[in-house]
Amino acid sequence: MKNIILFDDQEWKQLLPLTYTKPVSELRVGILTIREKWEKHLGAKTSYITQDYLAEKYAINVQDDNYIINGAVLPSSKLLAYIEQLNIHEAILDGDELIAARLDRERFDLLINEEPIEEMVGIDISNEENLYSRLSRPHDIFSLNSQEIEKDFNLITKNRRSQDISDTNQVINPEKIFIEKGAKVECSILNATNGPIYIGANAEIMEGSVVRGALAMCNNSVLKLGTKIYGATTLGPYCKVGGEVNNSVLQGYSSKAHDGFLGNSVIGEWCNLGADTNNSNLKNNYDEVKLWDYIEERFTKTGLQFCGLIMGDHSKCGINTMFNTGTVVGVSTNIYGSGFPRNFVPSFAWGGASGFTTYRLNKVFDVSEKVMKRRNLELTLEDQKILEHIFLKTAMFRSWEKA
C-alpha cells in the first residue's frame, strides 16, 4: 500500500478561516474530503505536513517509500496517471511549484529541512491545460462543488447498487440517484437532471422536500420538512438543513435547520445558523464581490458575481441574523442582534452590528464540549490547544481589544 503524505503550502493561509483548525486536505468539496479522494483513488493511507500547531493532531507518517502530494490539489484521471508512473526521486512540477513527488526517507528529510535534493528528476506539467483543479480561496469550494460531486459520485457508486427509491417520491433521472443503506427518503421530489443526488448512510430527506441535483448528503445528515435545494450543495456528516439552499457546502456537524436562505457559501464544522438566518449572495448593483483576504489583510476581488458567507469552525449566529454579500466569519464567533454585522467578523468575536466583545476561551471550551458531546465526540486537549493558538494568533484582528 502506498504511503501518501499530503502537504500544505501557501494555499493553507489563503483558505483561512476554514483552515485555521485543519490541514487543507481535510476540507470537503464534492462528497469527500480531499484526503478521502486521494485515499480512495490510490488505495492508500495518508498523513500530513501541516502547520506546527496542528501537527500533534494531524501527524506525519514517514516510510521508506513516500508519495508527497500537494493537499490543495484535487485528483483527476490525468494527474493520477502521472503520479502512478512516478519513479523514486521523481517530482511533478507546475512551473516552480511542487505538485507531487516520490521520495525515500533520506530525501524526504532533505525536503522537510529545505535542503537541496540531488538526482531529482522534475516532470513539468505547466504546458498541459485542464490537468487538475485546486483550492486557492474559500469560494473555490462552492465553485468547484458541482464537478466534484459528479466525480465523487462516479467513484463511490461504481459497480454498486442503490437502495430502491420509495414509490412515495417523485423522481426524475433515477439512474443518477444513489441511496446508501439505512437512508430514508419519503414524499419528496428528486430531480437529478442537472447533477447526481447522493444520499449517504442513515441520512434522511423528510417529507415535502424539493431537491434539484447536484446534491451530496453524507452519513447521518438530514433535510428537514419542506427543504428546497437548488443544486451543487453538500451536507457533511451529521448536518441538518432546512429552508432554501443553493450551491453551498457545510463541512460537517453543522446545522441550518430552519427557514432562511443560504447561497454560494461555505460553512465550517460545529456551526449553527439560527432560525430565519439569511445571507445575500448578490450585490444590489451586481458588482463583483470582494472577500476578506487574511494574507493581504484587506478585502480583495473574487472574480465572482455570486458569493455569500464563509464561516469558520465552531461559529454560531442567533435567529433572524442577516449576512451581507461576501461576509467572512472567523472561528468560534457568536453573532446575534438586529442589523447586518460587518463583512469581516474576526475569530472569537461576541456580538453583532452594534459592536463586539471577546468570546473568552473558557466559554468557547464549555460550549464546544457540550455541542460535541451531543454527537458522542470529545473536545480533546489537542483541540483545545489548537483553539488557544488561534485565539492568540487572531487577536490582531479584534480591534476592540486595543481600545
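Here are some notes:
- Sorted largest first, the principal axis extents computed over the alpha-carbon atoms of segment 337-403 equal 36, 26, 18 Å.
- Each stretch of four or more DSSP H residues adds -39500 (n - 2.57); spread over every residue of the chain, this sum gives -5000 deg cm²/dmol at 222 nm.
- Positive dipole terminus of segment 3-134, leading residue within Ser76, Ile49, Leu111 (C-beta point charges): Ser76
- Divided by 2.2 N^0.38 Å, where N counts the residues, the Cα radius of gyration of the chain comes to 0.99.
- Dividing the convex hull volume of the alpha carbon atoms of segment 141-224 by its residue count gives 85 Å³ per residue.
- Its Cα centre serving as origin, the chain has a Cβ charge dipole (Lys and Arg +1, Asp and Glu -1) of approximately 1760 debye.
- Among Leu387, Leu80, Leu135, the largest mean-square fluctuation in a Gaussian network model of the chain, built with springs joining Cα atoms closer than 10 Å, belongs to Leu80.
- Charge-dipole axis of the chain as Lys and Arg at +1 and Asp and Glu at -1 on Cβ define it, positive-most pick from Leu291, Ala91, His258: His258
- DSSP bridge orientation in segment 89-164 - percent antiparallel, rounded to nearest 5: 55 percent
- Over all projection directions, the Cα-based convex hull of segment 260-364 averages an area of 6.5 nm².
- If only the Cβ of Lys and Arg carry +1 and only the Cβ of Asp and Glu carry -1, the dipole of segment 149-231 around its Cα centre is close to 220 debye.
- Magnitude of the charge dipole for segment 145-196, about its Cα centre and with charges confined to Cβ atoms of Lys, Arg (+1) and Asp, Glu (-1), is about 180 debye.
- Loop sites in segment 117-151: GluC sites (Glu not before Pro), DSSP, at most 10 other Cβ within 10 Å: Glu118, Glu119, Glu129
- Among Gly337, Gly268, Gly213, residue whose mean-square fluctuation peaks in a GNM of the chain (springs only between Cα atoms under 10 Å): Gly337
- Compactness of segment 3-134 is given as radius of gyration and Dmax, 14.0, 40 Å, from Cα positions.
- Fraction of beta bridges assigned by DSSP in segment 290-338 that are antiparallel (%, nearest 5): 45 percent
- Contour excess over end-to-end distance, with Cα ends at Asn194 and Met396 and 0.36 nm allotted per residue: 68.3 nm
- Taking only the alpha carbons of segment 66-118, we obtain Rg and Dmax values of 11.1, 32 Å in that order.
- Looking at segment 150-185, the trypsin sites (Lys or Arg not before Pro) that sit in a DSSP loop and have at most 14 other Cβ atoms within 10 Å of their own Cβ are Lys158, Arg160, Arg161, Lys181.
- Cβ-based charge dipole, segment 309-403, positive-most Cα from Ser315, Asn376, Ser354: Ser354
- Highest-MSF residue in the chain out of Tyr238, Tyr294, Tyr48 [GNM, Cα springs under 10 Å]: Tyr294
- Alpha carbon centroid spacing (whole Å) that separates segment 336-403 from segment 250-284: 18 Å
- Sorted by Cβ density within 10 Å, fewest first, the residues Trp400, Trp270: Trp400, Trp270
- DSSP beta bridges in segment 140-402 [antiparallel fraction, %, rounded to 5]: 15 percent
- Segment 1-80, Cα convex hull volume normalised per residue, Å³: 95 Å³
- Per-residue ³J(HN,Hα) for segment 374-379, Karplus 6.51 cos²θ - 1.76 cosθ + 1.60, θ = phi - 60°, Hz, x for Gly and Pro: 5, 9, 6, 10, 10, 7
We did not get these values from a lab; they are worked out from the coordinates using the rules stated. Being a predicted model, the structure only gives us computed values, none of them experimental. Backbone-built Cβ (ideal geometry, glycine too); neighbour counts: all protein chains shown.
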